[in-house]
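Asks: Starting off with a structure, shown below.
The values are calculated or read from the model by the stated rules, or taken from the named source; none is laboratory data. If you're wondering where the values come from, they're calculated on a predicted model, not measured in any experiment. Cβ coordinates were reconstructed from backbone atoms using ideal geometry, including for glycine residues, and neighbour counts include every protein chain displayed. To get the accessible areas, we keep the full protein, side chains included, count just its heavy atoms, and leave off ligands, DNA and RNA. Shrake-Rupley method; radii C 1.70, N 1.55, O 1.52, S 1.80 Å.
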Amino acid sequence: MDDRTVLNGIVWKFRTGIAWRDVPERYGPWATLHTRFRRWALDGTFERMLRAAQARADATGDIDWLVSVDSTIVRAHQHAAGAPKGGSAAPSLDAPEAA
């Protein structure tokens, strides 16, 4: 089984969201796919593949590095908006000082 078939099987698994055991046999044994995925994730293979694809796309002008984030679509954690509970209150700058 060649690396391209394994990679296609790994991509297929994550695109569909199914369990490893349910990957079609045309990609090879599911245990092989899972083992190779873990090995490649740990040894940095996926990061190197991404960097190579980005470099190719950048060289041909197919990638735009400008990123814009609209805060209306960025989700914050539910506790990110308020102060911590039970924390000490900051003194008000408008309040007169106690004698």
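Asks: Based on this model, can you work out whether VAL11 counts as at pLDDT 70 or above, in contact with a Lys or Arg (Cβ under 6 Å, 6 or more places away or on another chain) and surrounded by 10 or more Cβ atoms within 10 Å (Cβ to Cβ)?
Replies: When the stated conditions are applied, VAL11 does not pass them.
Asks: Show the residue pairs meeting these rules: Cβ distance below 8 Å; 6+ apart or different chains; first residue within the range 16-42 and at positive phi and in a loop (DSSP other than H, G, I, E, B); second residue polar (S, T, N, Q) and surrounded by 12 or more Cβ atoms within 10 Å (Cβ to Cβ).
Replies: Within 8 Å, the pairs are GLY28/THR5.
Asks: Can you name the residue in the range 14-68 that is of a type in the set (Val, Ile, Thr) and open to solvent by 80 Å² or more (accessible area, probe 1.4 Å) and is also modelled with the lowest pLDDT among such residues? Don't jump to the end; show me each part of the working.
Replies: Start the filter on the range 14-68 by keeping residues that are of a type in the set (Val, Ile, Thr), which leaves 16, 18, 23, 32, 35, 45, 60, 63, 67.
Filter once more, keeping what is open to solvent by 80 Å² or more (accessible area, probe 1.4 Å): 60, 67.
On the way: THR60: 94, VAL67: 80.
Only one residue tops the list, namely VAL67.
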